[in-house]
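For reference, the structure discussed in these notes is given below.
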Amino acid sequence: MTSALTVGLAGVGRIGTSHAETLKHLPGVDTVIVADADAERAHAAAGKLGLQAVSDIDALLAAPLDGLVIATATDSHPELITRAVDAGIPVFCEKPVAADIQGTLSVITHIQNSTVPVQIGFQRRFDAGYRAARDAIASGALGWLHTLRATTLDPAPPPAEYIPRSGGLFRDCGVHDFDIIRWVTGREVVEVYATGANRGEQFFADAGDVDTAAVLLRLDDGALATVSLGRYNGAGYDVRLEALGSRGNAIVGLDDRSPLTSVEPDYAPSGLPAYPGFMERFRRAYTDELAAFLSVVSGELANPCTPAAALEAFYIAEACELSRHERRPVALTEVRR
């Protein structure tokens, strides 16, 4: 890998600060420069981590960057991606590309003739368990798949003010499951049926969202996948994937920290605490994801998650939202543009 890279980071919220700390310690990175809509917050984060800070995003993009990591609010992603690409700066952007399909398509159209890479952040693709499941499926060790069961359950909901701008449970949370199902199987989703419920705080319903959802997906080879989503899993952060085949199965996320309680009389619990959230559960995956981005910047690795791939997961989320509202199965062809 090319050494002495200068990487810019836009956004120093929770995940942005974590990315800044990770970048600081990655081999090949010489300088990390941070910026935020709140200049004081950027300088405070830089001071704490021993990094450089600039006054605003314009100053960041004017710096001699080898790559840019975007961890800002979703509505700023399209402008930051296109400005960076136009300036010849490779981009890593947390999902989503944009807040809606039209915005995503506009970004893809804008950058389609550029050779500057744009990697979208779906960190589960870098998790060892999901990679092992993908390998098991591709090798034929499981036989043909008949069922996949995906679960993403948060231990507690995000702040009320986040929900109206989150895009909803399917776009904000379920999109990770939709992406990883496509990625581990190598198949496409052709039809969805989704439903949801509100059992918790009123602010979900006020925003037109749900706090719990169940999704049934039909893949293009006839396999079925279920996705369970929830904001109130008091036992802890629970993210799993079960791939069930004619000859065997592979289960991701089943370990001593899984927040599962057996009531069988001979069950012996591990005694280890459940993961409190996604940052802790996927810490290694986030690190490997940014290391991969540096390899993309250096031209040593093909882009592992393009905006076009991210769009496919967004289409599934969009179909789920339509299905929930109209209470019917929705083919992906109905939302694809």
Query raised in the report: Among the listed residues ASP209, ASP221, ASP255, which satisfies the condition of being within 21 Å of PRO157 (Cβ to Cβ) and not aromatic (Phe, Trp, Tyr)?
Result: ASP209
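Does LYS24 satisfy the criteria of being in contact (Cβ under 8 Å) with a residue 24 or more places away in the chain, more than 21 Å from ASN303 (Cβ to Cβ) and part of a helix (DSSP H, G or I)?
The answer is yes for LYS24.
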Query raised in the report: Of the numbered conditions (1) assigned to a loop (DSSP other than H, G, I, E, B); (2) of a type in the set (D, E, K, R); (3) out of contact with any helix residue (DSSP H, G or I) (no Cβ under 9 Å at 6 or more places or on another chain), ASP255 satisfies every one except a single condition; which is it?
Result: (3)
Query raised in the report: Regarding ASP179, is this residue open to solvent by less than 40 Å² (accessible area, probe 1.4 Å) and charged (D, E, K, R)?
Result: yes
Report task. Inspect all residues belonging to the stretch 254-271 and state whether any of them is buried (at least 21 other Cβ atoms within 10 Å of the Cβ) and among the charged types (D, E, K, R). Result -> no
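Residues being open to solvent by less than 40 Å² (accessible area, probe 1.4 Å) and either more than 15 Å from GLU318 (Cβ to Cβ) or among the small types (Gly, Ala, Ser) (or both): count how many of those fall in the stretch 161-175.
The initial filter retains those residues of the stretch 161-175 that are open to solvent by less than 40 Å² (accessible area, probe 1.4 Å), namely 163, 166-170, 172-175.
With either more than 15 Å from GLU318 (Cβ to Cβ) or among the small types (Gly, Ala, Ser) (or both) added as a condition, the list becomes 163, 166-168, 174.
The qualifying residues number 5.
Would you mention how many residues in the stretch 265-277 are within 23 Å of the chain's Cα centre (by Cα) and without any contact (Cβ under 8 Å) to a residue 60 or more places away in the chain? Give the derivation first.
Just the residues of the stretch 265-277 that are within 23 Å of the chain's Cα centre (by Cα), to begin with: 274-277.
Still in the list and also without any contact (Cβ under 8 Å) to a residue 60 or more places away in the chain: 275.
Total satisfying the criteria: 1.
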Report task. State yes or no: is SER262 over 28 Å from LEU5 (Cα atoms), among the polar types (S, T, N, Q) and free of Cβ contacts under 8 Å to residues at least 12 places away in the same chain? Result -> yes
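Out of THR74, THR22, which single residue is within 18 Å of LEU294 (Cβ to Cβ), among the hydroxyl-bearing types (Ser, Thr, Tyr) and out of contact with any His (no Cβ under 8 Å at 6 or more places or on another chain)? Spell out the reasoning first.
Details: THR74 fails: within 18 Å of LEU294 (Cβ to Cβ).
Unique residue meeting the criteria: THR22.
Here is a list: ALA308, ALA302, ALA291. Which entry is modelled with pLDDT of 95 or more, within 18 Å of the chain's Cα centre (by Cα) and farther than 19 Å from ASP177 by Cα? Lay out the reasoning, then the answer.
Numbers: ALA308 fails: farther than 19 Å from ASP177 by Cα; ALA302 fails: within 18 Å of the chain's Cα centre (by Cα).
Going through ALA308, ALA302, ALA291 in turn, the sole match is ALA291.
Do we find a residue being over 22 Å from PRO159 (Cα atoms), more than 21 Å from the chain's Cα centre (by Cα) and not small (Gly, Ala, Ser) anywhere in the stretch 224-240? Working first, answer last.
If we filter the stretch 224-240 for residues that are over 22 Å from PRO159 (Cα atoms), which is where we start, we get 224-227, 240.
Still in the running and more than 21 Å from the chain's Cα centre (by Cα): 224.
Add one more test, that the residue is not small (Gly, Ala, Ser), and what stays is 224.
There is at least one residue in the stretch 224-240 that is over 22 Å from PRO159 (Cα atoms), more than 21 Å from the chain's Cα centre (by Cα) and not small (Gly, Ala, Ser).
Out of ARG134, ARG125, which single residue is assigned to a helix (DSSP H, G or I) and either more than 13 Å from VAL252 (Cβ to Cβ) or open to solvent by 30 Å² or more (accessible area, probe 1.4 Å) (or both)? Walk me through how you get there before you give the answer.
Details: ARG125 fails: either more than 13 Å from VAL252 (Cβ to Cβ) or open to solvent by 30 Å² or more (accessible area, probe 1.4 Å) (or both).
Within the list ARG134, ARG125, the selection yields ARG134.
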Query raised in the report: Which one of these does ASP30 not meet: (1) in a strand (DSSP E or B); (2) without any contact (Cβ under 8 Å) to a residue 60 or more places away in the chain; (3) under 30 Å from ASN113 (Cβ atoms)?
Result: (3)
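Could you say whether any residue in the stretch 237-248 is in contact with a strand residue (DSSP E or B) (Cβ under 9 Å, 6 or more places away or on another chain), charged (D, E, K, R), open to solvent by 20 Å² or more (accessible area, probe 1.4 Å) and at pLDDT 95 or above? So that I can check it myself, show each step before the final result.
Taking the stretch 237-248 and keeping what is in contact with a strand residue (DSSP E or B) (Cβ under 9 Å, 6 or more places away or on another chain), we get 237-246.
Now drop any that are not charged (D, E, K, R), which leaves 238, 240, 242.
Filter once more, so that each one left must be open to solvent by 20 Å² or more (accessible area, probe 1.4 Å): 240, 242.
Pick out the ones that are also at pLDDT 95 or above and you get 240, 242.
So far as the stretch 237-248 goes, yes, one or more of its residues are in contact with a strand residue (DSSP E or B) (Cβ under 9 Å, 6 or more places away or on another chain), charged (D, E, K, R), open to solvent by 20 Å² or more (accessible area, probe 1.4 Å) and at pLDDT 95 or above.
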Requested in this report: Please give the helices (runs of 4 or more DSSP H) falling wholly within the stretch 33-122 in which 2 or more residues are surrounded by fewer than 23 Cβ atoms within 10 Å (Cβ to Cβ), on the phi < 0 side of the Ramachandran plot and in contact with a Pro (Cβ under 6 Å, 6 or more places away or on another chain).
Outcome: 101-111
Requested in this report: Filter the stretch 273-313 for residues that are in a helix (DSSP H, G or I) and of a type in the set (Ser, Thr, Tyr) and give the result.
Outcome: TYR286, THR287, SER295
**Report entry** Sole exception among (1) of a type in the set (Ser, Thr, Tyr); (2) under 23 Å from ALA132 (Cβ atoms); (3) surrounded by 13 or more Cβ atoms within 10 Å (Cβ to Cβ) for SER298, by number
**Finding:** (2)
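The values are calculated or read from the model by the stated rules, or taken from the named source; none is laboratory data. Keep in mind that what you see is a predicted model, and the values were worked out from it rather than measured. Cβ: placed from backbone, ideal geometry, glycine included. Neighbour counts: every protein chain shown. What goes into the accessible areas is simple: the full protein's heavy atoms, side chains included, and nothing from ligands, DNA or RNA. Shrake-Rupley method; radii C 1.70, N 1.55, O 1.52, S 1.80 Å.
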